[in-house]
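Accompanying notes for the structure given below.
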Amino acid sequence: MSLKGRSFLTLKDFTPEEIGELLDLAADLKKKKKQGITGNSLKGKNIALIFEKPSTRTRCSFTIGCVDEGGHPEYLGRDDIQLGHKESVKDTARVLGRMFDGIEFRGFSQKTVEDLALYSGVPVWNGLTDEYHPTQILADFLTIREQFGTLAGISLVFVGDGRNNMANSLMIGSSKMGVHFTILAPKQLWPKESLVALCRTYAKESGSQITVTDDINAVSGADVLYTDVWCSMGEEDKAAERVALLRPYQVNAELFASTGKDSTILLHCLPAVKGNEVTEDIFEKYADVIFDEAENRMHTIKAVMVATLGDTVGKEA
Ligand code: CP
Ligand code: NVA
């Protein structure tokens, strides 16, 4: 099946088979890169990287993924372009679509990335918005596959701010791929009921279970604990309130012991605020897998670009 020409705005738009195909391609590109083999499927392609918010992993992944495949990435930071200051999203999209072959966007509004896709006429990739972070989920799922050999039937518990981009996108991805998914968070930080209901319709197809709870005992039996910062980018003013709400939900040795399994791993999209959502000792205990996950951002983002824009999927240099 071909994903050529498609944008990557939210996992809602992709079937389980398509998500699986992107993971397979990422695994293949990763294997090749380890053998010193890169490709040329983006040769002659110019790729705009728009960042309204800062980034380490996502920016570097798009840059390296693009260069590895022979393309040219152009970083456009928030103070570098007219977008958000003097020019509308619609006009910026129409300009960039005339010059670039693909556009990555990281920023605040999901509507912005959707409008870029609507008006640019080229594939647009969501590098994180307030609502979703879909490329991160591909890296998380590749890592889970590497660790457990499968996705279906794995039990994943997200602990923390249950209404942020990570919780939303993990819930969508899990419900599509047959991962049993729990959001463990105080009631004030639960996701929108409409999104939970939508994910339950996906879960019905895939055989997964979606749970939203404030009961710490929900970690029992988890294969993967997942956490994220308590204050996402743009919410820094909520720090005191979040610490008060989320302190009982810190991922620490006691919480890990409550899984009742020795094989449970920790994933974190990073960056991490140690001492808040995760203790230093637990972070370090699972550092190898967490940094595999960070590395996998590059292989999976490369796969998204190659699948949606590449001329010769998987062709060797
Ligand atoms: N996980 C992630 O998106 O990291 P960056 O903010 O560094 O891109
Ligand atoms: N929820 C975090 C994710 C960072 C990758 C944020 O939006 O800041």
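The values are calculated or read from the model by the stated rules, or taken from the named source; none is laboratory data. All values derive from a computational prediction rather than experimental measurement. Reconstructed Cβ throughout: ideal geometry from the backbone, glycine too, with neighbour counts over all protein chains shown. Calculation scope for accessible area: heavy atoms of the full protein, side chains included, ligands and nucleic acids excluded. Shrake-Rupley method; radii C 1.70, N 1.55, O 1.52, S 1.80 Å.
Laid out as a table, the results:
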item: Label zone at K192, where the point sits 7 Å out along the Cα-to-Cβ direction: the stretch 105-122 residues whose backbone N lies under 18 Å; result: 107-116
item: Accessible area per residue in Å² at 1.4 Å probe, computed on the chain; result: 41
item: Cα-based helix-to-principal-axis angle, 287-309 vs the chain, degrees rounded to 10; result: 30
item: Which listed pairs, of K12/K192; K192/K302; K4/K111; K30/K302; K12/K204, have C-alpha distances above 19 Å, in listed order; result: K192/K302; K4/K111
item: Additional length obtainable on full extension of the chain from E17 to V95, 0.36 nm per residue less Cα span; result: 24.7 nm
item: Helix-derived mean residue ellipticity, 222 nm - over the chain, DSSP H n ≥ 4, -39500 (n - 2.57), to 500; result: -13500 deg cm²/dmol
item: Cross-link reach list, aspartates and glutamates versus K261, counting only Cα pairs under 13 Å and skipping chain neighbours closer than eight places; result: D223
item: Carbon and sulfur %, accessible surface of the stretch 73-211 computed with the full protein complex present, 1.4 Å; result: 48
item: Rounded to the nearest 10 Å², the accessible area of M305 at probe 1.4 Å; result: 0
item: Normalised contact order of the chain, rounded percent, pairs of Cα under 8 Å and 6 or more residues apart; result: 24
item: Portion, in percent, of the accessible area of the stretch 248-317 that falls on carbon or sulfur, probe 1.4 Å; result: 50
item: Efficiency of FRET from Cβ geometry, D214 and D288, R₀ 25 Å, rounded to 0.05; result: 0.20
item: Net +/- balance of residues flanking S232 in space, Cβ distance below 11 Å, scoring K and R +1, D and E -1; result: -2
